[in-house]
Amino acid sequence: MATRIDGKAFAASLREKVAEGVATFVAKAGRKPGLAVVLVGEDPASQVYVRNKHKMTVAAGMESFEHRLPADTSQEALLALVDQLNADPAVDGILVQLPLPKGLDENAVIQAIDPDKDVDGFTTASAGRLATGLPGFVACTPLGCLMLLKDQLGDLSGKNAVVIGRSNIVGKPMAQLLLQESCTVTIAHSRTVDLPAVVRGADIVVAAVGRPEMVKGDWIKPGATVIDVGINRVPAAEEGKTKLVGDVDFAGAEATAGAITPVPGGVGPMTIACLLYNTLEAANRREGLA
Ligand code: NDP
């Protein structure tokens with residue numbers, strides 16, 4: 001039976017470490033690290049994320065600057081806000097909550113963020129820095145996955161890693177991080193031929209697909225480490241209720257894997273913890289303390 005990787009506990013201890021780092025930063029810099037979060041419109045899921053980010057930012061001892069704008073905000077007004085935050089010395093990290101309402105150019109807004117404040121790691125500058133091994137910010141979800149993997153396995157060098165999914169926010173940066181750790185990396189996607197056979201060769205499987213329980217237990221090599229990024233809401237056994245499942249058939253994979261992240265309580269809690277981690281890092285770099 002696989003070890004369950006407790007992302008919730010790991011994220012809590014990472015947030016504590018960040019809070020300690022924040023206290024050291026405050027003592028040296030004479031100010032708090034600041035994270036600015038921009039939320040445009042009324043998307044209910046985004047509202048919950050932004051609320052949680054605010055709570056945890058404050059709990060870590062950082063300054064949280066929330067900018068809530070109406071759904072009919074113009075592109076120009078949004079870009080002007082990003083410029084203002086880029087120039088604000090109290091702001092170390094900027095996050096624009098996605099998705100933006102229709103009519104706004106998400107890419108243009110993200111690219112306007114100063115790469116040195118891009119704590120979400122979504123700008124092409126950040127992606128390029130990651131791909132070329134330069135210091136920059138790595139997208140929070142793949143960064144969290146890597147932390148869990150290193151905690152579980154130590155040195156990842158030489159391992160066969162399969163990342164299922166090639167999105168810019170999860171799959172691609174995940175593959176880059178694993179490559180940096182000297183894994184032999186395969187990126188699988190919707191056109192991959194015989195995915196089960198590809199996955200069977202993997203010591204490390206990262207599933208970031210968005211398809212409930214797609215990865216089956218008999219695809220998993222015995223002893224492999226499985227990181228399930230998927231968050232899918234599906235009908236529960238009880239009528240009218242729903243539950244969250246990952247992209248991996250947990251019950252099936254748990255019997256074969258060496259270690260596996262559950263959903264919920266695996267990768268999910270790591271994302272905000274890594275956002276705080278990146279924000280502290282941004283603050284330290286800006287003050288020359290990194
Ligand atoms: P995307 O929809 O952007 O990407 C999904 C990827 O899966 C694509 O590359 C797609 O391939 C691939 N794919 C789709 N179907 C198949 C298939 N049948 N076989 C193999 N590959 C397939 O999703 P994201 O990367 O944004 O997110 C993935 C999952 O992770 C989602 O469940 C999301 O909710 C979750 N997530 C969780 C986060 C967290 O824990 N905090 C944060 C971000 C995401 P192709 O490119 O060929 O279309």
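How far is it, in nm, from the label point at Glu76 to the one at Ala197 when both lie 7 Å from their Cα along the line to the Cβ?
Distance between the two pseudo-spin positions: 5.8 nm.
If you average over every viewing direction, what projected area does the convex hull of the Cα atoms of the chain give, in nm²?
With the hull built on Cα positions only, its mean projection is 15.7 nm².
Could you run the Karplus curve 6.51 cos²θ - 1.76 cosθ + 1.60 with θ = phi - 60° over the range 273-289 and give me ³J(HN,Hα) per residue in whole Hz, x for Gly and Pro?
So the J values, rounded to whole Hz, are 4, 6, 4, 5, 4, 5, 5, 4, 4, 4, 5, 4, 5, 5, 8, x, 9.
Leaving out ligands, DNA and RNA, and with a 1.4 Å probe, what % of the accessible surface on the range 36-181 is carbon or sulfur?
In the range 36-181, the share of accessible area belonging to carbon and sulfur is 55 percent.
Out of Ala45, Ala161, Ala257, whose Cα points farthest toward the positive end of the dipole of the chain (charges: +1 Lys, Arg; -1 Asp, Glu; placed on Cβ)?
Ala257
Sequence gap of 8 or more, or different chains, plus Cα separation below 20 Å: how many lysine pairs satisfy both in the range 111-243?
Within the range 111-243, the lysine pair count is 6.
In whole angstrom, how far apart do the alpha carbon centroids of the range 89-138 and the range 226-250 sit?
Distance between centres, Cα-based: 30 Å.
What does the net charge come to around Lys221 if you take all other residues with beta carbon closer than 12 Å to its beta carbon, with K and R at +1 and D and E at -1?
After counting each charged neighbour, the total is 0.
Check each of the trypsin sites (Lys or Arg not before Pro) in the range 193-258 and keep only those in coil by DSSP with at most 15 other C-beta atoms within 10 angstrom; list them in order.
The qualifying sites are Lys216, Lys241.
Farthest toward the dipole's positive end in the chain, which of Leu148, Ala29, Gly240, given Cβ charges of +1 (Lys, Arg) and -1 (Asp, Glu) about the Cα centre?
Sorting the options by dipole projection puts first Leu148.
Which far-off residues, 5 or more places away or on another chain, put their amide H under 5 Å from the one on Ala224, with H placed in the peptide plane?
Gly258
Step through the residues of the range 141-158 one at a time and calculate ³J(HN,Hα) from phi using the Karplus curve (6.51 cos²θ - 1.76 cosθ + 1.60, θ = phi - 60°), rounding each to whole Hz and writing x for Gly and Pro.
Couplings: 5, x, 4, x, 4, 5, 4, 5, 5, 5, 5, 6, 10, x, 5, 9, 3, x Hz.
How big is the antiparallel share of DSSP beta bridges in the chain, given as a percent to the nearest 5?
10 percent
Applying a 10 Å radius around every beta-carbon, put 254-260, 269-275 in order of their mean neighbour count, most first.
Highest-to-lowest ranking by the protection proxy: 269-275, 254-260.
Show me, for the range 44-56, the HN-Hα J-couplings you get by feeding each phi into the Karplus relation (A = 6.51, B = -1.76, C = 1.60, θ = phi - 60°), rounded to Hz, glycine and proline as x.
In residue order, the calculated couplings are x, 5, 4, 4, 5, 4, 5, 4, 5, 4, 4, 4, 6 Hz.
Out of residues 5 or more away from Ala36 or on other chains, whose amide H comes under 5 Å of its own, with H placed 1.01 Å from N in the peptide plane?
Amide H neighbours of Ala36, under 5 Å, 5+ apart: Phe65, Asp92, Gly93, Ile94, Leu95.
Looking only at the range 215-235, which residues have a backbone nitrogen under 17 Å from a spot 7 Å from the Cα of Met1 in the C-beta direction?
Residues passing the 17 Å test: 223.
I need the Kirkwood Rh of the range 160-237: take the reciprocal of the average 1/r across all distinct C-alpha pairs and report it in angstrom.
Taking the inverse mean of 1/r over all distinct Cα pairs, the range 160-237 comes out at 12.7 Å.
Rounded to the nearest 20 Debye, what is the dipole magnitude of the range 198-290 about its Cα centre when Lys and Arg each give +1 and Asp and Glu each give -1 at the C-beta?
Dipole of the range 198-290, to the nearest 20 debye: 200 debye.
Residues with amide H under 5 Å of Cys183's amide H, sequence separation 5 or more or different chain, H placed in the peptide plane at 1.01 Å from N; which?
Hits under the 5 Å cutoff: Gly158.
Classify the range 1-96 as rounded, prolate or oblate from the Cα gyration tensor: take a ≥ b ≥ c as the square roots of its eigenvalues, call it rounded if a/c is under 1.5, otherwise prolate when a/b beats b/c and oblate if not.
oblate
The values are calculated or read from the model by the stated rules, or taken from the named source; none is laboratory data. Keep in mind that this is a model prediction, so the values were computed, not measured. All Cβ positions, even for glycine, are placed from backbone atoms using ideal geometry, and neighbour counts span all protein chains on display. Surface accessibility is based on the protein's heavy atoms, side chains included, excluding ligands, DNA and RNA. Shrake-Rupley method; radii C 1.70, N 1.55, O 1.52, S 1.80 Å.
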